[in-house]
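Accompanying notes for the structure given below.
The values are calculated or read from the model by the stated rules, or taken from the named source; none is laboratory data. Computed from a predicted structure; not experimentally measured. All Cβ positions, even for glycine, are placed from backbone atoms using ideal geometry, and neighbour counts span all protein chains on display. For accessibility, only protein heavy atoms count, side chains too; no ligands or nucleic acids. Shrake-Rupley method; radii C 1.70, N 1.55, O 1.52, S 1.80 Å.
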Amino acid sequence: AGPVGRWLATARTVGRGLYNFEGLRAFKARLRPDRWDPIYVCYPLGPSKAATVYDAVTAFAPGGLLRFALRSIARRPQPLLRILTALLIPWTYLLYAVAPAGWFANPTIRLAWTLFDVTLLAAMARLTIRWRRSLARLLAVAITADAVLTLIEVVTFNTSHAGSRTEIVAAATAVVGPALTAALLWAALSRTVDGHQAIEPPIH
């Protein structure tokens with residue numbers, strides 16, 4: 001936070017959706033410090049810069065970097081939800097306009113999946129703009145059901161009809177995508193404090 005170099009400023013911009021750097025600085029500023037002391041990281045010359053950065057970041061991530069990242073995403077799911085929502089746009093188009101007819105048992109199922117994804121896209125876009133616990137819970141239930149039904153369809157129908165590696169990857173993506181989104185929503189819903197959602201509002 002505050003005046004930093006180019007690379008740290010870039011890291012702050014990229015990570016602001018997961019961590020409120022300027023909010024932390026504003027909180028500390030209210031304590032009226034006499035001065036701000038910069039913190040430096042010293043490391044030996046050579047190819048160890050990446051390992052040094054990893055060690056420094058891990059030192060500020062209690063419980064390990066992966067666990068810290070998962071907790072941060074659960075507390076502030078909007079950045080990842082925006083990515084998943086954006087990816088749903090081309091996926092829905094491909095599902096309806098490009099996917100082979102053999103991927104579905106009949107055209108009605110294909111149309112139903114497409115309409116579901118369009119509705120899901122609108123709801124997720126709304127959730128990324130403003131977090132609503134009731135909408136998040138509804139989406140979590142719907143997307144969990146989507147993941148389960150898709151897995152059943154892939155196992156019972158698509159596996160025997162997959163004729164290429166591309167189709168296998170597409171079928172796997174159809175299962176992993178909703179499963180990841182559902183897991184993100186359930187994790188975010190579980191982050192509560194005294195019955196209230198422990199998610200900071202998105203930074204604009």
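In Å², what does the accessible area per residue of the chain work out to with a 1.4 Å probe? Spell out each step's value before the answer.
Values: 13880 Å² over 204 residues.
Using a 1.4 Å probe on heavy atoms only, each residue of the chain averages 68 Å².
Report in % the part of the accessible area of the stretch 60-149 that belongs to carbon and sulfur, leaving out ligands and nucleic acids; probe 1.4 Å.
For the stretch 60-149, the apolar C and S fraction of the accessible surface comes to 75 percent.
Specify the residue with the greatest mean-square fluctuation among Val176, Val53, Val141, computed from a Gaussian network of the chain linking alpha-carbon atoms under 10 Å apart.
Its mean-square fluctuation being the largest, the pick is Val53.
For the chain, what does -39500 (n - 2.57) per DSSP helix run (n ≥ 4), summed and divided by total residues, give at 222 nm, in deg cm²/dmol to the nearest 500?
On the way: 8 runs with 127 residues, N = 204.
It lands at -20500 deg cm²/dmol.
Work out, step by step, the length gained on full extension between Leu111 and Thr10: first 0.36 nm times the residue separation, then minus their alpha carbon distance; give nm to one decimal.
In short, 32.1 nm is gained.
Pop the C-beta distance of Arg133 and Val98 into the FRET formula with R0 = 35 Å and round what comes out to the nearest 0.05.
0.45
By per-residue mean of other Cβ atoms within 10 Å, what is the highest-first order of 68-81, 120-133?
Per-residue mean Cβ counts within 10 Å order the peptides as 68-81, 120-133.
Take the Cβ-Cβ distance between Lys49 and Leu70 as r, set R0 to 35 Å, and report the resulting FRET efficiency rounded to the nearest 0.05.
The computed FRET efficiency comes out at 0.85.
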